[in-house]
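Novice: I have a structure here, written as structure tokens, and I will follow up with some questions on it.
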Amino acid sequence: MAKIRGSVTINKQYCKGCELCVYECPQDSLKMSTKLNTKGYHFAFLAEDTCTGCINCALVCPDACITVYRGTKKNQLSTVKKTTNSSSKMALKAL
Amino acid sequence: MYNMVDVYISERILTPDKSMDKVWERPDLLIDVPNHYCPGCSHSVVHRLLMEVVEELDIMERTIGIAPVGCSVLAYDYLNVDMQEAAHGRATACASGIKRVFPDKIVFTYQGDGDLAAIGTSETIHTVNRGENIVMVFINNGIYGMTGGQMAPTTLEGAKTSTCPEGRNLDLMGHPIKIADMIALLDGAYYVTRQAVHNSKTVRKTKKALLKAFQYQIDGKGGTSFVEIVSNCPSGWKMTPLEANDWLAKNMFEYYPLGNIKIPQKEE
Amino acid sequence: MGQKRLMKGNEALAEAAIRAGVQGFFGYPITPQSELLEYMSKELPDRGGTFVQAESEIASINMVYGAAGAGARVMTSTSSPGFSLMQEGISYLACTEIPCVIVNVMRGGPGLGTIQPSQGDYFQAVKGGGHGDYQLIVLAPNSVQEMANFAFLGFDLADTYRVPVLILADGALGQMMESIEFPDYVVKEHLTDKSEWATTGRINGREQHILTSLHLQPEEMEMTNKILQRKYREIEAKEVRYETLFTDDADLLIVAYGLSSRVSHKALELARKEGLKVGLLRPQTLYPFPSTVLNNLAEKVKKILVVEMSAGQMVEDVQLAVEGKIPVEFYGRMGGMIPQPDDILDKLRKMNESTLNV
């Protein structure tokens, strides 16, 4: 696993699928979902563990829907399981 | 706010570890609603930057913004500061009125190219010429977005719009106007700069420019601060957001080069 | 009351506005109102206000919009062609409910017209002028004293109802000199406290204030209109102002405002000497118009003569008010010409003869 230092949450309901963040990400961590949000847009999501928390994606995001986190020590990304949507309070808050 | 259960189905969405620190989030002053701008539109990036600047300089309690007529006519729905909506082209006149009677207020205008460089040219020039101590934010995307993509005063030669479907013909339609360069010639202009927000590098620069512009106003420096932002209009240009930013970088910067046009003399 | 002073109408209005606490004046030179602008440029900065000579009337009215929207007592003044340029801004002011005072020292038109006095802007002033359904409170002075008085009244009415108030004078009233006394006036704080709605910056983190005339949903726009109309009905009920002369025994009633009411007054005196029973009704507010008063007077008098310095504009409101009960005739001069008392007297004589013949 790559050296992990950062992470993002993306408010998928605010995302309009412009893909600017995906293009801007130097680590290729973001991808566009195959699913649609309630407005009918494919939304971006953090798909790879390579994020460094550089905030480039958040800077270009026209919809200000990206929140960026950075770890100071050894951080491990957790995966939200489809059944436990409350496993990450932070993620919920951002959504 | 939303029912988000449906998201987590098969795609593996990574989320932050609890030990991580939040290093960037939406500014509090950007009202927490989805905006009406088209996907990829530069307007919303600049809105966010403005609110970041107002927050960082802690001037919310005395900031008054003026919204124009154009796509950003509803700017006050997103910018959580006191705002007035001006008649088309007259934002700088409104700003002048406020700033003259209440010099302690921080006043900014937010205008597009049609508003600032066509119908409001007179107000633009004379506001700067009087050296009104305000910040003018100018979104230059070379098109009338809100009315459906007509030719703007800043539309580039050959660019196709709904009112120049064969492309802008300079002989018939005049030349794209470099309004920032024009007003930089006026003695009332204190700080004139041209920036962009099409990638993270330019966004950072634009933020710095806006911070400077507002700081000059706070310091009561003599003159108008003018920040032009070369912007995209994916819908008006009939491109995807990525294509639009690409086109912008390849075509707009040649005619509207980025960088400072006029900076305060002691900083030169 | 202070001591008597000899002043021009334009200057008296400017001085009164300063005494009424005007914080900002934005204007553009145009004859015959330029003295107002000049007086403000000389006096206002020394007396706690701001003067800006704008690049156009369009800019002036929008400076008024900005500053008044931020809670200041501000005004602008112009003459007819400039007033046309201001119409867009006035429509915005009315819809956004921003109080301010606008002065139109009318001159002859249409087009560039003349610089002589006229009353040709009545429709523009009273029937809206700009786009959409709105009204201004329109005050029509007929003396230098009233030019001053109406400045005080104008600011108070504007702040009371949150409407733009128009002082509709003419070139003669602006230029003439008369002795006047300025009334004692104290700025009422409850009128100048606009913290409920003004865009001052979110002081102490209060809720955002927005001043806009854009309501994309038609339901919302209609509601905005209804609120405005409700306000106009209240103004119509409470703020009608007029003056009557010799109406108790009158057979013939002259209706005239502004300068033409002064000429009509002279004609009335001449007519009375000849034994003609003539009265005069002078609306001081053109909106709200004294329609009820006129309707009641139409029960008593036999005929009405409307005298204007126009092709006949207020005469339509008089006709509406009397509801066809009695004949309404008109005498007017246009393009900067002033009606003469003798001409009005001739008209009165003819009307009187035909009345006797009936």
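Novice: For C:V103, list long-range residues whose amide hydrogen, built 1.01 Å from N in the peptide plane, is under 5 Å from its own amide hydrogen.
Specialist: Here the answer is C:T76, C:S77, C:T78, C:I167, since their amide H atoms fall under 5 Å of that of C:V103.
Novice: Say each of B:H88 and C:V293 gets a label point 7 Å from the Cα, pointing the same way as Cα to Cβ; how far apart are those two points in nm?
Specialist: The two pseudo-label positions are separated by 4.2 nm.
Novice: Given H placed 1.01 Å from N in the peptide plane, which residues other than close sequence neighbours of C:I137 have an amide H under 5 Å from its amide H?
Specialist: Hits under the 5 Å cutoff: C:L166.
Novice: Go through C:D343, C:D170 and list them by solvent-accessible area, largest first, probe radius 1.4 Å.
Specialist: C:D343, C:D170
Novice: Could you pull out the longest piece of chain C with no exposed loop GluC sites (Glu not before Pro) in it, calling a site exposed if DSSP puts it outside H, G, I, E, B and it has at most 13 other Cβ atoms within 10 Å?
Specialist: Free of exposed loop sites, the longest segment is C:1-180.
Novice: Now a separate question. In debye, nearest 20: dipole of the protein assembly as shown around its Cα centre with unit charges on the Cβ of K, R (+) and D, E (-)?
Specialist: That gives the protein assembly as shown a dipole magnitude of about 2040 debye.
Novice: Could you give me the radius of gyration and the Dmax of the stretch B:53-204, taking only the C-alpha atoms into account and expressing both in angstrom?
Specialist: 16.0, 49
Novice: Then there is this: When the accessible area of each residue in the stretch B:19-35 is compared between its chain alone and the complete protein assembly (1.4 Å probe; ligands, DNA and RNA ignored), which residues differ by at least 30 Å², being lower in the assembly?
Specialist: B:S19, B:M20, B:D21, B:K22, B:V23, B:W24, B:R26, B:P34, B:N35
Novice: Which three semi-axes in whole Å describe the equivalent ellipsoid of the stretch C:200-295, each the square root of 5 times a Cα gyration tensor eigenvalue, listed largest first?
Specialist: The answer is 46, 15, 11 Å, longest axis first.
Novice: With just the Cα atoms defining each centre, how far is the stretch C:237-251 from the stretch B:92-123? Give it in Å.
Specialist: Answer, in whole Å: 46.
Novice: Still on this structure, I have one more. May I ask you to derive the relative contact order of the stretch C:123-281, considering only C-alpha pairs under 8 Å and at least 6 residues apart, and to give it as an integer percent?
Specialist: 21 percent
Novice: Among residues other than C:K226 whose Cβ falls under 14 Å from its Cβ, what is the net charge (Lys/Arg +1, Asp/Glu -1)?
Specialist: Once all neighbours under 14 Å are counted, the net charge is -3.
Novice: Probe radius 1.4 Å, ligands and nucleic acids left out: can you give me the accessible area buried at the B-A interface, summed over both chains, in Å² to the nearest hundred?
Specialist: In total, this chain pair buries about 4700 Å².
Novice: Keeping every protein chain present and rolling a 1.4 Å probe, give me the accessible area per residue for the protein assembly as shown in Å².
Specialist: Heavy-atom SASA per residue in the protein assembly as shown reads 39 Å².
Novice: Give me log10 I(q)/I(0) at q = 0.06, 0.09, 0.11, 0.13 Å⁻¹ for chain C, Debye formula, one equal scatterer per alpha-carbon, no solvent.
Specialist: -0.22, -0.50, -0.73, -0.99
Novice: Then there's this: Run the numbers on the stretch C:92-138 and let me know its relative contact order in percent, using alpha-carbon pairs under 8 Å that are six or more apart.
Specialist: Reported as a whole number, the value is 27 percent.
Novice: Additional query: Could you compute how much accessible area chains C and B hide from each other, both sides summed, with a 1.4 Å probe? Nearest 100 Å² is fine.
Specialist: When C and B are taken together, about 2700 Å² of accessible area is lost.
Novice: What translational diffusion coefficient, in µm²/s and rounded to a whole number, does the Stokes-Einstein relation yield for the protein assembly as shown at 25 °C and a viscosity of 0.890 mPa s, taking the hydrodynamic radius as the Kirkwood radius over Cα pairs?
Specialist: After rounding, the answer is 86 µm²/s.
Novice: Within the set of other residues whose C-beta is less than 14 Å from the C-beta of C:Q33, count the net charge using Lys and Arg as +1 and Asp and Glu as -1.
Specialist: Within the 14 Å Cβ shell, the charges total -4.
Novice: Here's another thing I want to ask about it. For chain B, take the convex hull of the Cα atoms, compute a quarter of its surface area, and give me that in nm², please.
Specialist: Mean shadow area of the hull around the Cα atoms is 16.6 nm².
Novice: Specify which residue in the list C:L281, A:C57, B:P27 is farthest towards the positive end of the charge dipole of the protein assembly as shown, using unit charges on the beta carbon of Lys, Arg (+1) and Asp, Glu (-1), about the Cα centre.
Specialist: Selected residue: A:C57.
Novice: Would you check the stretch B:36-267 for Lys pairs whose C-alpha atoms are within less than 20 Å, ignoring same-chain pairs closer than 8 in sequence, and give me the count?
Specialist: Final tally of qualifying lysine pairs is 24.
Novice: I've got another one for you. Based on Cα coordinates alone, diagonalise the gyration tensor for the stretch B:14-132, multiply each eigenvalue by 5, take square roots, and list the semi-axes in whole Å, largest first.
Specialist: For the stretch B:14-132, the ellipsoid semi-axes come out as 30, 18, 11 Å.
Novice: Please identify, among B:P16, B:P27, B:P257, the residue showing maximal mean-square fluctuation in a Gaussian network model of chain B using a 10 angstrom Cα cutoff.
Specialist: Judging by the Gaussian network model, the answer is B:P16.
Novice: Put a dot 7 Å past each Cα toward the Cβ at C:M337 and C:D249; how far apart are the dots in nm?
Specialist: The two pseudo-label positions are separated by 3.5 nm.
Novice: Give me the percent relative contact order of chain C, please, defined on Cα pairs under 8 angstrom at least 6 residues apart.
Specialist: Value for chain C: 18 percent.
Novice: Another question, then. Report, to the nearest whole %, how much of the accessible area of chain C belongs to carbon and sulfur atoms, 1.4 Å probe, protein only.
Specialist: About 50 percent, which is the carbon plus sulfur part of the accessible surface.
Novice: With viscosity set to 0.890 mPa s and temperature to 25 °C, compute the Stokes-Einstein D of the stretch B:120-199, Rh being the Kirkwood radius across alpha carbon pairs; µm²/s, no decimals.
Specialist: This corresponds to a translational diffusion coefficient of 175 µm²/s.
Novice: Could you give the size of the charge dipole of the stretch C:242-357 about its Cα centre, using +1 on the Cβ of each K and R and -1 on the Cβ of each D and E, expressed in debye and rounded to the nearest 20?
Specialist: 180 debye
Novice: Please list C:T212, B:T109 in order of solvent-accessible area, largest first, computed with a 1.4 Å probe with all protein chains present.
Specialist: C:T212, B:T109
Novice: Let me ask you something else. What FRET efficiency comes out for the pair C:E316/B:K160, r = Cβ-Cβ distance, R0 = 56 Å, nearest 0.05?
Specialist: The value I calculate is 0.65.
Novice: Follow-up. Which lysines, on any chain, are close to B:K18 with Cα under 24 Å apart, when same-chain ones fewer than 8 places away are left out?
Specialist: A:K3, A:K12, A:K31, A:K73, A:K74, A:K81, A:K82, A:K89, A:K93
Novice: Give me the percent of DSSP beta bridges within the protein assembly as shown that run antiparallel, rounded to the nearest 5.
Specialist: 35 percent
Novice: Among C:I227, C:N104, C:G132, whose Cα sits farthest toward the positive end of the charge dipole of the stretch C:5-238 (+1 at Cβ of Lys/Arg, -1 at Cβ of Asp/Glu, about the Cα centre)?
Specialist: C:I227
Novice: Here is a further query. Can you give me the orientation-averaged projected area of the convex hull built on the Cα atoms of the stretch C:242-357, in nm²?
Specialist: With the hull built on Cα positions only, its mean projection is 6.3 nm².
Novice: As a test of understanding, state the convex hull volume per residue of the stretch B:7-75 from its alpha carbons, in Å³.
Specialist: Dividing the Cα hull volume of the stretch B:7-75 by its residues yields 138 Å³.
Novice: Quantify, in whole percent, the carbon and sulfur part of the accessible surface of chain B (1.4 Å probe; protein heavy atoms only).
Specialist: It is 52 percent, rounded to a whole number.
Novice: If the cut-off is a Cα-Cα distance under 25 Å, which lysines reach C:K127, setting aside same-chain residues fewer than 8 apart in sequence?
Specialist: Within the straight-line cut-off, C:K127 pairs with C:K226, C:K231, C:K238, C:K325.
Novice: Quick one: dipole size for chain C, taken about the Cα centre, charges +1 on Lys/Arg Cβ and -1 on Asp/Glu Cβ, in debye to the nearest 20.
Specialist: 400 debye
Novice: Still on this structure: Give me the one-decimal nm value for the distance between modelled label points at C:K188 and C:R230, 7 Å along each residue's Cα-to-Cβ direction.
Specialist: 2.1 nm
The values are calculated or read from the model by the stated rules, or taken from the named source; none is laboratory data. Being a predicted model, the structure only gives us computed values, none of them experimental. In this analysis, Cβ positions are derived from the backbone assuming ideal geometry, glycine residues included, and neighbour counts consider all displayed protein chains. Heads up: the accessible areas ignore ligands, DNA and RNA and are worked out on the full protein's heavy atoms, side chains in. Shrake-Rupley method; radii C 1.70, N 1.55, O 1.52, S 1.80 Å.
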